[in-house]
Amino acid sequence: MTPDSLRAALRGVPEPDWLDGALRRVAAEPATIDRFFPAAGRRCGRAPLPGAPGWSADEAARALLLTALPTDHATHAGTRYRQGDAAEKRAVLKALPLLPVGAAGTPLLHDAIRTNDTRLLAAALGPYARHLDPAAWRQAVLKCVFTGVPLAVVHDLDARADGELAAMLASLAAERQAAGRAMPADATHLLTRLREIQEA
């Protein structure tokens, strides 16, 4: 997803003029993002965007507000995440791959993964999760299995899954079997694929 594609998907929001004006103001006066960012849900709605699968209107609008900033993207993203509600935090996490922040947003991923909010966990494992080191990434994937977050949300899962993740999944599967509990189907399929790769 790119800022241009999000902008195109937002053409049908309830108040497109508000969004256009907010983007211009944030570009000229970065401090105004403190006012516009929380208002995006009320002004643009919270409905899913058909033109941007996996995004809601408020998430897309907030991501665009962050991309409109002229400088200090990491600082503003961190502030908006720390001060925001759950919806605002998700928007920041989803915006990170669109911002020129390098790995500076990684602490926000770690915070999201520590929470019990499965929607934050899912948002943290999008494209920006490439900045997570392998150990932290594996633990996040395992938390998805524990909490019922579909593994389909994990960006580059097939490319990053390795023998160590397979061992962790196998251990969890054994624990669940001993307790008479089943593994989620997607985790079982992933473990099967990883074992086949190892045996090939």
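The values are calculated or read from the model by the stated rules, or taken from the named source; none is laboratory data. Values in this document were obtained by computation on a predicted structure and should not be read as measured data. Positions of Cβ are backbone-derived with ideal geometry, glycine not excepted, and every protein chain shown enters the neighbour counts. With ligands, DNA and RNA removed, areas are computed over all heavy atoms of the protein, side chains included. Shrake-Rupley method; radii C 1.70, N 1.55, O 1.52, S 1.80 Å.
If you go through the range 172-185 and keep only what is open to solvent by less than 60 Å² (accessible area, probe 1.4 Å) and in a helix (DSSP H, G or I), you end up with Leu172, Ala173, Ala174, Arg176. Aromatic (Phe, Trp, Tyr) and open to solvent by less than 10 Å² (accessible area, probe 1.4 Å) - does that describe any residue in the range 48-68? Checking the range 48-68: not a single residue is aromatic (Phe, Trp, Tyr) and open to solvent by less than 10 Å² (accessible area, probe 1.4 Å).
Look at (1) in contact with a helix residue (DSSP H, G or I) (Cβ under 7 Å, 6 or more places away or on another chain); (2) in contact (Cβ under 8 Å) with a residue 12 or more places away in the chain and you find that Pro50 fails only one, number (1).
Checking each residue in the range 81-99 for being open to solvent by 10 Å² or more (accessible area, probe 1.4 Å) and either of a type in the set (Ser, Thr, Tyr) or in a helix (DSSP H, G or I) (or both) picks out Arg82, Gln83, Ala86, Ala87, Glu88, Lys89, Arg90, Lys94, Pro97, Leu98. When Gly51, Gly21, Gly102 are screened for being assigned to a loop (DSSP other than H, G, I, E, B), of a type in the set (Gly, Ala, Ser) and farther than 24 Å from Arg130 by Cβ, only Gly51 passes.
Every residue in the range 118-139 that is under 12 Å from the mean Cα position of the chain (by Cα) and over 26 Å from Leu69 (Cα atoms), please. Answer for the range 118-139, where residues must be under 12 Å from the mean Cα position of the chain (by Cα) and over 26 Å from Leu69 (Cα atoms): just Thr118.
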